[in-house]
Amino acid sequence: VFMVATMTMPTTTRMMAVAWTRPITPALRRVQRQGPTAKLWMSTTIRDKSAPRSTSLSSSSTVSSGMLNLHTIPLSELETIIVSWGHPKFRAKQVHHWVHSQGVTDVSKMNNIPKALQQQLLEHATAGHLTLECEQVSEKDGTIKRAYKCNDGALIESVLMGPYQDGRYTACISSQAGCAQGCVFCATGQMGFKRQLTPDEIFEQVSKFRSELAFQEKQQQREEKKRTNGKKPHAVESSKQQKQHGKSKRLSNIVFMGMGEPLANYRNVVKAIRRI
């Protein structure tokens, strides 16, 4: 169950909580000036956006608003498009399963998808419209903080926290590019307001984290199977036990404490929440 904490959190409590997720914000100006290699924190590791990622659509893919977004397109729409390309309807569910359950967005690795459909997806689809500008990973607890660039050049932030002791993973996402509230203690507030994020842009932040966690979990399962020579353990752990032992990679919690005031973008936020 996804929990949206800010919808019920008192304003003063939310204002205090938001401050924790702000450290990357001042660096956005440096990213704009210096590019993705801008240095952010001394205690973090920064990945260049050009580095290969296991869940990319393809190494040569370009992000374009005119292409299908495999992270955000509803299954019903994907079915309609794939049928119009001359393929059976069930192929859409297979693609959807690869992206959201297996964490695979590299079309060439979807081994039950025909080559013809793979080629069409490579030509007309992309693994997201948010471009990773920079990423910092905490050496202390593994928290991942990212700056994404939208199609119009606006920069937004997303954070993945966890796993906690009970196995939870929490995504902290943005609802606006910039913020109009002007809170003096908040770096985002001092940047000013750029624009509202669309439901797709909000949802994609969640989908990317969820897909990557699913990919890591499948890798972990393959390694475990290889280690035990394919033999099943005598005792099968419940999903709760897997979380507690750090084996589950499920994204379980979401908070709207990134950039922006979610209630000031209420309609788009609610649309994104319903899809989540």
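At-a-glance table
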quantity	calculated
Residue that is farthest from Pro74 (Cα to Cα) [pool: residues in segment 149-206 that are polar (S, T, N, Q) and crowded, with 24+ Cβ neighbours inside 10 Å]	Thr188
Filter result (open to solvent by less than 30 Å² (accessible area, probe 1.4 Å), touching an Asp or Glu at 6+ places or on another chain (Cβ under 9 Å) and either more than 24 Å from Leu251 (Cβ to Cβ) or of a type in the set (A, V, I, L, M, F, W, C) (or both)) within segment 87-122	Ala92
Hey, Ala125 modelled with pLDDT of 95 or more and either open to solvent by 10 Å² or more (accessible area, probe 1.4 Å) or among the aliphatic types (A, V, I, L, M) (or both) or not	no
Conditions (1) of a type outside the set (A, V, I, L, M, F, W, C); (2) closer than 26 Å to Ala264 by Cβ; (3) open to solvent by 10 Å² or more (accessible area, probe 1.4 Å); (4) under 18 Å from the mean Cα position of the chain (by Cα): number failed by Arg146	(3)
Test set (1) touching a residue at least 24 places away in the same chain (Cβ under 8 Å); (2) open to solvent by 30 Å² or more (accessible area, probe 1.4 Å); (3) touching a His at 6+ places or on another chain (Cβ under 7 Å) - Leu75 fails condition number	(1)
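So that you can scan it fast, the table gives a plain yes or no per residue for (1) within 30 Å of Gly153 (Cβ to Cβ); (2) outside any strand (DSSP E or B):
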site: Val99; (1), (2): yes, yes
site: Gln118; (1), (2): no, yes
site: Glu123; (1), (2): yes, yes
site: Glu135; (1), (2): yes, no
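Results for (1) more than 13 Å from Phe209 (Cβ to Cβ); (2) in contact (Cβ under 8 Å) with a residue 24 or more places away in the chain; (3) in contact with a Ser or Thr (Cβ under 7 Å, 6 or more places away or on another chain), shown as yes or no for each residue.
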{"residue": "His97", "(1), (2), (3)": "yes, no, no"}
{"residue": "His100", "(1), (2), (3)": "no, yes, yes"}
{"residue": "Asp106", "(1), (2), (3)": "yes, yes, yes"}
{"residue": "Ala180", "(1), (2), (3)": "yes, yes, no"}
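The values are calculated or read from the model by the stated rules, or taken from the named source; none is laboratory data. Not measured: the values here are computed from a predicted model. Using ideal geometry, Cβ is built from the backbone for each residue, glycine included, and neighbour counts are taken over all protein chains shown. When the accessible area is computed, the model is the full protein with side chains, heavy atoms only, and any ligands, DNA or RNA have been set aside. Shrake-Rupley method; radii C 1.70, N 1.55, O 1.52, S 1.80 Å.
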